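Heads up, the thing below is written out as structure tokens.
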Amino acid sequence: DAGVIQSPRHEVTEMGQEVTLRCKPISGHDYLFWYRQTMMRGLELLIYFNNNVPIDDSGMPEDRFSAKMPNASFSTLKIQPSEPRDSAVYFCASSLSRGGREGSYNEQFFGPGTRLTVL
Amino acid sequence: AQKVTQAQTEISVVEKEDVTLDCVYETRDTTYYLFWYKQPPSGELVFLIRRNSFDEQNEISGRYSWNFQKSTSSFNFTITASQVVDSAVYFCALSVLGGGADGLTFGKGTHLIIQP
């Protein structure tokens, strides 16, 4: 089975440009998460969706960041305009929740990440 | 709010030595879940283990073992007879809803170097 797919794997862009990162979750999973990894801040949650609906976007750093999930098999994270401090590895993860506080016991499967460099 | 602390930034040992990675967590929730992930040099995040707050039994999987102690809010990870292939960054993480339905709070990671 295919895991979480992210594209592109590497992105180099110039400051001020728009960047779009893409994620295809594992088929059938109902939760999708976006994380960012930097040396300074480590791994931090940006936003997550349940059944295509954004649940918590409190980790999104600022209005330049936006995320969408138009259907169950696709999500995007967009940065407009990009800045050098956005340089990081962006991970997408998905999970299948069985529902209920006790039953939500499934691990998140991570994609390979997108390494973004903003010059 | 949840917090995970991995005080060891980097550990270097010689192959075949045992090594323990420390993880201390903070949460006000009585039900929570703890995880360990491995990030090898290739960069992907690999799930290792999940443990819920109701189960304090230690777990062993081959050369890996985990020690969960609620009294000290710790979830430590031991590799026995380490191998070069164990070299990676290891992350401890916490979630309230099991990781399936909420985001993970990660520690800063411990970079483990196994020297031949």
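Please treat every number below as a calculation from the coordinates, not as lab data. Everything numeric here is computed off the predicted structure, so don't read it as measured data. Note that we place each Cβ from the backbone using ideal geometry, even for glycine, and neighbour counts take in every protein chain shown.
Annotations for the structure displayed:
- Note on B:Arg28 and B:Glu59: the model spin-label points, each 7 Å out from Cα along the C-beta direction, lie 2.8 nm apart.
- Remark: A:Met15, A:Met60, A:Met69 ranked as A:Met15, A:Met60, A:Met69, counting other beta-carbon atoms within 10 Å and listing the fewest first.
- Taking other Cβ atoms within 10 Å as a rough exposure proxy, A:Ser94, B:Ser82 sort from fewest to most as B:Ser82, A:Ser94.
- Computed from the Cα positions only, the extents of chain A along the three principal axes stand at 44, 29, 27 Å, in decreasing order.
- For the pair B:Ala81 and A:Arg85, label points projected 7 Å from Cα toward Cβ lie 5.0 nm apart.
- When all alpha carbon pairs of the protein assembly as shown are counted in 10 Å bins from zero, the resulting P(r) reads 8, 32, 35, 20, 5, 0 %.
- Measuring how big the stretch A:1-58 is from its alpha-carbon positions, Rg and Dmax come out at 13.3, 38 Å.
- Close Lys pairs in the protein assembly as shown (alpha-carbon distance under 27 Å; sequence gap of 8 or more, or different chains): 14.
- Remark: spin-label model distance B:Asp18-A:Arg64 equals 4.9 nm, labels positioned 7 Å along the Cα→Cβ axis.
- Sites B:Ser42 and B:Thr5, calculated FRET efficiency, Cβ-Cβ separation with R0 30 Å, nearest 0.05: 0.70
- Cα-derived Rg over Rh, computed across the stretch B:1-68 with Rh taken as Kirkwood radius: 0.97
- Shape parameters for chain B, alpha-carbon atoms, Rg then Dmax in Å: 13.7, 43
- Residue exposure proxy: B:Thr78, B:Thr20, B:Thr110, B:Thr72, ordered by other Cβ atoms within 10 angstrom of their Cβ from fewest to most, comes out as B:Thr72, B:Thr20, B:Thr78, B:Thr110.
- Full extension of the chain segment joining A:Asn50 with A:Thr38 gains 1.8 nm, where the gain is 0.36 nm per residue of separation less the Cα-Cα distance.
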